[in-house]
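The values are calculated or read from the model by the stated rules, or taken from the named source; none is laboratory data. Predicted model only: the values in this text are computed from it and were never measured. Cβ coordinates were reconstructed from backbone atoms using ideal geometry, including for glycine residues, and neighbour counts include every protein chain displayed. Just the protein is used for accessible areas: all its heavy atoms, side chains included, with ligands, DNA and RNA removed. Shrake-Rupley method; radii C 1.70, N 1.55, O 1.52, S 1.80 Å.
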Amino acid sequence: MPILWRKIICPFCFHRYKASEVAYRCGNSRCTREEDTTFGTERGLRPASMGHVFRGAKKGAIRDAIITDTEAGCDLCGQPSRKRICPHCHFELSHDAGLIKDHAIAVIGGRGTGKGHYIATLVHRLENELGSQFNFSLRMLGDGNAQPI
Ligand SMILES: [Zn+2]
Ligand SMILES: [Zn+2]
């Protein structure tokens, strides 16, 4: 039950919200699966069958403002889930979203100016060179399995 003072800014839709407002996606394969229209609409995809989305239990206004849980029990099957997702676009948040200071970086440029090449090179350098020099690892987030319509 970490204490939390910051708000979360979603890296996908850029909505800003309190950590107590995050939703969860159930990961139990025996639980109800549902078409996630929010996930699909936000990405221009067909709704896909995904784990049930639910909200964490309310703890009261003051506790909600300063304390967050990083897991919650599914309201259908009771299984705990640590898959925290943005309540606005259902992007899966990192395990430490809201617990550490986040920095958003925008890469802006015209079509064909090398933004994708820059990002790919940056990720490669972080993974293969800088990570070992500074003793850190890199974990990718995102909707890697999402399929366009
Ligand atoms: Zn979002
Ligand atoms: Zn469930």
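Here are the numbers:
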quantity: Some residue of segment 25-46 being modelled with pLDDT of 95 or more, under 21 Å from residue 139 (Cα atoms) and within 16 Å of ligand 1 (Cβ to nearest atom); calculated: yes
quantity: Exclusive hit being over 14 Å from the mean Cα position of the chain (by Cα) and modelled with pLDDT under 95, set 67, 9; calculated: 67
quantity: Enumeration of residues in segment 1-12 that are open to solvent by 20 Å² or more (accessible area, probe 1.4 Å) and either in a loop (DSSP other than H, G, I, E, B) or over 18 Å from residue 97 (Cβ atoms) (or both); calculated: 1, 2, 5, 6, 11, 12
